[in-house]
1. Dividing the alpha-carbon Rg of the range 34-85 by 2.2 N^0.38 Å yields what?
2. Please compute the net charge surrounding Tyr59, taking Lys and Arg as +1 and Asp and Glu as -1 over other residues with Cβ under 15 Å from its Cβ.
3. In whole Hz, what ³J(HN,Hα) sequence does the range 106-119 give by Karplus (6.51, -1.76, 1.60; θ = phi - 60°), x for Gly and Pro?
4. To the nearest 0.05, what FRET efficiency results for Arg153 and Glu119 with a Förster distance of 51 Å applied to their C-beta separation?
5. So how long is each side of the range 1-131 along the principal axes, counting just the alpha-carbon atoms, biggest first, in Å?
6. Could you calculate the contour length gain from Asn21 to Lys48, that is, 0.36 nm times the residue separation minus the distance between their Cα atoms, to one decimal place in nm?
7. Whole number please: convex hull volume per residue of the Cα set in the range 54-135, in Å³?
8. May I ask you to evaluate 6.51 cos²θ - 1.76 cosθ + 1.60, the Karplus curve with θ = phi - 60°, for each residue of the range 46-54 and list the ³J(HN,Hα) values in order in whole Hz, giving x for glycine and proline?
Amino acid sequence: MALTPLDIQNKVFSTKMRGYNQDEVDDFLDQVTKDYEDSIQKVRELEKSLKHAEEKLQYFNELKDALNQSIIVAQDTADKVKSSATKESEVIVTSAENTANEMVSNAERRSNALITAAEDKASEILTEATDRARQLAAETDDLKKKTRVFHQRLNLMLETQLEQVKSEEWNDLLKPFSSYVSDSHTVIQEVLSKELTADGEDTGATGTIPVVEPTVAAPTTVSSLEDAKKLSESLEFLDSKPETDE
């Protein structure tokens, strides 16, 4: 059993001859008792501090365990979040790629459809223009042929009429009437002279009957190709009409 300060203080030693000085022993015991009490107090304080430190250590150990558990949970949560984020990002990227591919495919289909439609429309317009040009060329050639025929016939007709105009029969027809009346027909000459004077005609100084020149109508001018076609058709109709004996 451990000694207490009181045990030290109450310790009684037996006396013997030539023993230690009792006062010195008592003083020493008092000093030892005091020092022992101080040591015990320090030990108690140290035990108290140790207990407090142990309690803190236990708290920190528990906190450490909790932190470690939290770190583990946080790490696990972070891993799960990372994995989930990775999967979600992969899904988003895949969806975006699919959407982009679909948009590109739609754009390509629309562009191909527009190009095909434009090419078909251009081909149709070109075909129509070619057919129209061929038709116009054919109509122009036909009109040129008809115009050429009309020109030839008109030229032939005018040459024929000109030959008829230059014939001697016109000279006989254009002679004045007085040339047919001989000098012996004085009575007829006087009648003609009186009729012309009554109508206000000047007989001239010689008293002869003036010659009236016949007027020849100018040939009809073809103002357009349509008139030429009509005239050509008329000529064709006249050519096709059977001649009748006079």
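1. Normalised Rg, Cα atoms only: 2.18.
2. Summing Lys and Arg as +1 and Asp and Glu as -1 gives -1.
3. Result, ordered by residue: 4, 4, 5, 5, 5, 5, 5, 5, 5, 5, 5, 4, 5, 5 Hz.
4. With R0 = 51 Å, the Cβ-Cβ based efficiency is 0.55.
5. 164, 21, 17 Å, listed from the longest principal axis down.
6. Gain on stretching Asn21 to Lys48: 5.7 nm.
7. Details: hull volume 3.9 nm³, N = 82.
Here the figure is 47 Å³ per residue.
8. So the Karplus estimates, Gly and Pro as x, are 5, 5, 5, 5, 5, 4, 5, 5, 5 Hz.
The values are calculated or read from the model by the stated rules, or taken from the named source; none is laboratory data. On a predicted model such as this, the values are computed, not experimentally measured, just so you know. Cβ: placed from backbone, ideal geometry, glycine included. Neighbour counts: every protein chain shown. Just so you know, the surface numbers come from the protein's heavy atoms only, side chains and all, with ligands and any DNA or RNA stripped out. Shrake-Rupley method; radii C 1.70, N 1.55, O 1.52, S 1.80 Å.
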